[in-house]
Structures are given as structure tokens and as C-alpha cells.
Amino acid sequence: MSKIEDIVDSLENKISKVLHKQEVLKQTNAKLSEELAQYQQKIIQQQEELSTWIEKYESLKIASSMLGSDENKRETKLKINALIKDIDHCIAQLSE
């Protein structure tokens, strides 16, 4: 009987250790999930900030070329021409 009791005790200890490891892993998983959510939120914020900076850069580029910068004159002229065509199209539709 002593041998069976030793086997049962050993089995109980192993089960206890496995359950403890499982609990530790659950806690670690929860912590990592929380960190992941924080990093994902941070990425979203940085992407929004990047979009804002890109828009500001484009506006500054256009303003700079309108003030006489030679770097982006062609691009600005094309945008102005496209706007003029849109305005002409609107006027034509209004006059019909």
C-alpha cells in the first residue's frame, strides 16, 4: 500500500505543479494581452499623427511653391489647373 500512496502523492504533487504553472501562464498571458492592446493603441495614435504631419507637409509644400520656390512649381501648377477645370465644369453645369 505504501507504494500506491507514494505514487498518488507524487501524482498529486505533479498535478499541483501543473496547475500552478497554468495559473502563472494565464497571468502572463493576460499581462501580455494588455501590453499588446496598449501597443496597438499607440500605433494607431502614431499613424494618425503621421497622417496629420503628411497633410501639413503637403500644405507647406504647396504654399512654398506659391511663394516662389522652384522645387514644387510644376506640381502646384498641375493642382491649380485641375482646380480651374473643376470650377469651369461646375460653372458649365450651373449655366445649363
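Here, each number is a calculation from the coordinates, and none is a lab measurement. Since this is a predicted model, take the numbers as computed values, not measurements. Here the Cβ is made from the backbone with ideal geometry for all residues, glycine too, and neighbour counts use every protein chain on show.
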Worksheet item: With axes computed from alpha carbons, what is the tilt in degrees of helix 73-95 against the longest principal axis of the chain, rounded to the nearest 10 within 0 to 90?
Response: 70
Practice prompt. Would you calculate a helix-derived [θ] at 222 nm for the chain, using -39,500 (n - 2.57) for each DSSP H run of n ≥ 4 and dividing by the full residue count, to the nearest 500?
Written response: -34000 deg cm²/dmol
Response to the item:
Tilt, helix 2-66 to longest principal axis of the chain (alpha-carbon atoms), in degrees rounded to tens, equals 10
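Taking a ≥ b ≥ c as the square roots of the eigenvalues of the Cα gyration tensor of segment 2-69, is the shape rounded (a/c under 1.5), prolate (a/b larger than b/c) or oblate?
Numbers: a/c = 16.22, a/b = 9.48, b/c = 1.71.
Prolate is the answer for segment 2-69, as a/c is 1.5 or above and a/b outweighs b/c.
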Practice prompt. Could you line up GLU75, GLU35 from fewest to most neighbouring Cβ atoms inside 10 Å?
Written response: GLU35, GLU75
